[in-house]
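What follows is a short report on a single structure.
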Amino acid sequence: MSLRAGMRLAVAVSGGADSVGLLRKLHETAPEIGLVVSVAHVHHGIRGAEADEDERFVAKLAEDLGLTLSVNRVEATVVAREKKQTLEEAARELRYAWFRQLLSQGKVDAVATAHTLDDQAETVVHRLLRGAWTEGLSGIHPVVQCSTGVILRPFLNARSEAIRAWLREIGQAWREDATNSDTAHTRNRIRHELLPRLREFNPRIAEQLANMAIIARDEESFWDAELARMLPGLMLPGKPVRGGGRSVSTHPGENSVGMEVERLRALPTALRRRVVRAAAKRFGCALNFEQTERLLRMCREDPEPTEARKQELATGFWAERSPRELRLVVKPADAPNDAAARVEAMIPGEVSGLGVRLRLKIAEGASSEGMSPAFLRTPKAGDRARIRYSRGTKPLKEIFERMQVEAEERKTWPLLEWEGRIVWMKGIDIEPEAEVPFVVGITPE
């Protein structure tokens with residue numbers, strides 16, 4: 001969506017160079033386009049006097065330009081603590097919630113944010129490091145459709161240094177946020193350490209990463225349309241019953257869908273992978289690579305004898321294999337199943353239960369920013385892990401047999417799960433399938 005005559009456009013201005021540059025450029029071009037420009041500023045309740053100065057700076061800039069200013073004051077620290085989010089995540093959620101509120105209230109038709117090509121490059125690298133799929137590599141989208149109105153990123157092809165050069169040329173000041181230089185944050189390390197190193201290999205690495213985002217975005221747009229066309233014919237509600245037909249659970253909140261394994265196997269692997277992930281997404285479950293591969297293995301004509309026929313891929317989300325179908329099942333917390341009790345463990349932090357007390361410390365060189373919690377729990381059906389110096393993951397039943405753990409003990413055996421993977425088990429040397437950015441230590445209970 002492009003800018004149009006008569007559009008009421010709120011420009012999100014933090015006081016930094018990029019957002020000030022965006023405001024000045026849109027204010028300059030507004031008369032020829034016919035835009036009605038205003039200023040939106042969020043005070044996140046952090047950085048103390050510096051944030052107060054930012055607000056005063058933005059207010060003075062809006063006044064000098066003769067523009068209406070809207071300010072929203074929030075407490076990002078409180079929200080981050082309540083929701084167990086990083087400060088950056090909480091601040092971003094609060095910002096965009098307010099932008100959507102402005103749109104839904106009909107005060108503006110669009111909100112413009114000052115994301116640049118450099119922000120796009122950092123986002124793509126950040127998501128790549130966290131194991132993103134193609135949709136993640138699509139990065140920051142130039143247009144985000146909301147239920148009412150849109151969020152626009154007009155500067156997504158502009159370089160931050162070019163914006164600063166233009167501001168210096170016109171004599172426009174801006175504010176510097178000291179936290180942008182704090183390399184304790186992963187994104188800042190990417191900006192100040194990783195990307196400069198990558199530029200030594202390719203001086204145009206930022207442009208290449210931004211191009212990758214465009215390609216990924218177009219790929220995802222195509223596949224979304226294809227999957228919307230294909231999925232209704234592949235997904236069968238409920239489960240089959242004798243004599244024909246299908247039954248649907250009457251338990252509140254429980255839902256399931258089946259897919260014929262023969263039809264899934266007939267699809268190319270790339271498409272099969274997208275189909276099972278899209279089916280899971282219908283239930284609000286975003287599968288990672290390891291979870292998706294487990295589903296594909298369940299579809300094989302000759303599954304391994306040790307491959308579980310029923311696996312919990314995420315809390316309350318199960319996969320079940322029958323001779324003819326692969327079924328995905330959502331079970332609410334009070335539905336009867338064999339899921340184990342579990343205790344959430346923040347990282348860094350301590351967690352106690354099941355006869356153990358664990359201390360989780362950030363590994364050297366890692367950051368806790370954006371890190372999801374771990375869970376101390378007992379084994380459940382479908383669990384798999386890898387013993388150090390062995391090949392591939394094994395069902396816990398096989399591991400317990402190898403370690404000669406009695407059947408009764410297995411039911412309450414403590415283990416630690418992080419991002420869908422078992423990363424620690426009592427008395428068993430576990431080697432996670434991917435690098436774990438924290439260290440597990442045992443302290444006396």
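For the stretch 181-209, the tally of residues that are without any contact (Cβ under 8 Å) to a residue 40 or more places away in the chain and either polar (S, T, N, Q) or within 15 Å of Gly15 (Cα to Cα) (or both) stands at 5.
Which numbered condition trips up Asn202, out of (1) modelled with pLDDT of 90 or more; (2) within 26 Å of the chain's Cα centre (by Cα); (3) not hydrophobic (A, V, I, L, M, F, W, C)? Result: Asn202 passes all but (2). Only one entry of Glu176, Glu161, Glu135 meets the criterion of being at pLDDT 95 or above and not aromatic (Phe, Trp, Tyr), and that entry is Glu161.
A single entry from Ala162, Ala178 fulfils the requirement of being touching a residue at least 40 places away in the same chain (Cβ under 8 Å), within 22 Å of Leu22 (Cα to Cα) and of a type in the set (Gly, Ala, Ser): Ala178. Of all residues in the stretch 315-351, those that are in a strand (DSSP E or B) and modelled with pLDDT of 75 or more total 17. Do you know which of the residues in the stretch 181-211 that are basic (Lys, Arg) and within 19 Å of Ala17 (Cβ to Cβ) is surrounded by the most Cβ atoms within 10 Å (Cβ to Cβ)? By that ranking, first place goes to Arg191. Take Ile151 and tell me if it is over 28 Å from Ala97 (Cα atoms) and of a type in the set (Val, Ile, Thr). Judged against the criteria, Ile151 is not a match.
Can you tell me which residue among Leu117, Leu65, Leu87, Leu167 is crowded, with 19+ Cβ neighbours inside 10 Å and either in contact with a Ser or Thr (Cβ under 8 Å, 6 or more places away or on another chain) or of a type outside the set (Val, Ile, Thr) (or both)?
Leu117
Select from the stretch 296-309 the residues that are closer than 23 Å to Arg377 by Cα and buried (at least 16 other Cβ atoms within 10 Å of the Cβ) and write down the one among them that is modelled with the highest pLDDT.
Ala308
Residue-level check: of (1) surrounded by fewer than 15 Cβ atoms within 10 Å (Cβ to Cβ); (2) over 17 Å from Leu152 (Cβ atoms), Ile46 misses just (1). Scanning the stretch 408-416 finds one or more residues that are touching a residue at least 12 places away in the same chain (Cβ under 8 Å) and either in contact with a His (Cβ under 8 Å, 6 or more places away or on another chain) or of a type in the set (D, E, K, R) (or both).
Listed by position, the helices (runs of 4 or more DSSP H) contained in the stretch 65-159 that have at least 2 residues being closer than 16 Å to Ala216 by Cβ, out of contact with any Gly (no Cβ under 7 Å at 6 or more places or on another chain) and hydrophobic (A, V, I, L, M, F, W, C) are 117-129. For the stretch 11-45, a residue qualifies if it is among the small types (Gly, Ala, Ser), outside any helix (DSSP H, G or I) and out of contact with any helix residue (DSSP H, G or I) (no Cβ under 6 Å at 6 or more places or on another chain), and the qualifying residues are Ala12, Ser14, Gly16, Gly34, Ser38, Ala40.
Given the residues Leu65, Leu61, Leu69, Leu87, which is the only one that is without any contact (Cβ under 8 Å) to a residue 60 or more places away in the chain and under 20 Å from the mean Cα position of the chain (by Cα)?
Result of the check over Leu65, Leu61, Leu69, Leu87: Leu87.
Give the residues of the stretch 261-291 that are of a type in the set (A, V, I, L, M) and either surrounded by 21 or more Cβ atoms within 10 Å (Cβ to Cβ) or in a helix (DSSP H, G or I) (or both), sorted by residue number.
Result: Val261, Leu264, Ala270, Leu271, Val275, Val276, Ala278, Ala279, Ala280, Leu287.
Just one of the listed residues (Gly106, Gly48) is farther than 26 Å from Thr186 by Cβ, assigned by TED's automatic domain parsing to the domain that holds Arg164 and more than 22 Å from the chain's Cα centre (by Cα), and it is Gly106.
Taking the stretch 407-422 as the range and being among the acidic types (Asp, Glu) and either farther than 17 Å from Glu350 by Cα or part of a helix (DSSP H, G or I) (or both) as the test, the residues that pass are Glu408, Glu409, Glu419.
The values are calculated or read from the model by the stated rules, or taken from the named source; none is laboratory data. No experiment lies behind these values; they were computed from the predicted model shown. Using ideal geometry, Cβ is built from the backbone for each residue, glycine included, and neighbour counts are taken over all protein chains shown.
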